[in-house]
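To keep things clear, I will list the structure first and then write my remarks on it.
The values are calculated or read from the model by the stated rules, or taken from the named source; none is laboratory data. Nothing here was measured: the structure is a model prediction, and the numbers come from that model. Here the Cβ is made from the backbone with ideal geometry for all residues, glycine too, and neighbour counts use every protein chain on show. Heavy atoms of the whole protein, side chains included, go into the accessibility calculation; ligands, DNA and RNA do not. Shrake-Rupley method; radii C 1.70, N 1.55, O 1.52, S 1.80 Å.
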Amino acid sequence: MLSLPIMAKDKYEQLVYQWAVLGQIVMWVIFSLVVYSSNTARVGPMGPLTFSLISVFTSAFTLYVNYFLLLPILLTHRKTGWYIFLISVLLLVNIAIALSTFAHSNYVDSPKLTVLKFACGIALMLIVSSLLKFVEVWFRNVKRFNEIQTMQLKTELKLLKAQISPHFLFNTLNNIYTLCLMKDDRAAPVVAKL
């Protein structure tokens with residue numbers, strides 16, 4: 001396992017954070033391009049760019065609200081009922097946005113099919129954000145478990161060292177005592193070495 005000094009660990013975590021932000025920006029740009037390119041045939045008052053922007057904004061809003069607010073606050077405190085209720089409200093708000101935005105436009109697809117596709121995309125964002133949060137929590141728990149195991153091994157090692165030191169001292173004092181009882185000339189040098 002790679003061991004980093006304290007300062008390098010902070011810089012390492014900062015670098016990981018920066019790459020994560022960059023990865024999210026790239027992901028949303030790619031998502032926007034895919035949504036835009038799949039909707040270039042749309043005609044009517046709202047063009048493919050407006051449709052793409054609304055789709056990306058609502059998807060990003062849903063993903064980040066679920067990832068940063070609903071999952072950490074409600075599910076970690078075991079408030080599943082509230083979580084399901086708020087997810088349902090979030091999904092209904094997104095469907096209402098889709099209905100109000102796309103219902104009166106002239107699209108190649110029917111408005112109902114467009115709203116259904118939009119709702120499926122939002123549901124996919126909820127699933128993806130939930131999976132990402134659960135994977136993050138799992139990795140955090142594995143890291144915490146490994147740190148606890150390491151601390152436990154270090155504590156056991158310190159305990160064994162503490163047990164060895166008194167034992168060594170007792171044996172040394174017992175040997176000196178024996179040398180003194182036998183009036184051996186080696187007693188004085190052994191005491192000096194101790």
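Can you tell me which residue within the range 161-172, out of those that are open to solvent by less than 100 Å² (accessible area, probe 1.4 Å) and without any contact (Cβ under 8 Å) to a residue 12 or more places away in the chain, is farthest from residue 189 (Cα to Cα)? Break it down into steps so the answer makes sense when it comes.
Residues of the range 161-172 that are open to solvent by less than 100 Å² (accessible area, probe 1.4 Å), as a first pass: 162, 165-166, 169, 171-172.
Within this subset, residues satisfying the condition of being without any contact (Cβ under 8 Å) to a residue 12 or more places away in the chain are 162, 165-166, 169, 171.
Numbers: 162: 26, 165: 21, 166: 21, 169: 16, 171: 16 Å.
Filtering first and then ranking leaves 162.
Check off (1) assigned to a helix (DSSP H, G or I); (2) at pLDDT below 75; (3) surrounded by fewer than 11 Cβ atoms within 10 Å (Cβ to Cβ) for residue 2 and give me the number that stays unchecked.
So residue 2 meets the others, but not (1).
Considering only the range 94-123, how many residues are at pLDDT 65 or above, open to solvent by 50 Å² or more (accessible area, probe 1.4 Å) and aliphatic (A, V, I, L, M)?
5
Going through the range 45-86 one residue at a time, which ones are surrounded by fewer than 16 Cβ atoms within 10 Å (Cβ to Cβ), under 16 Å from the mean Cα position of the chain (by Cα) and part of a helix (DSSP H, G or I)?
64, 68, 69, 72, 73
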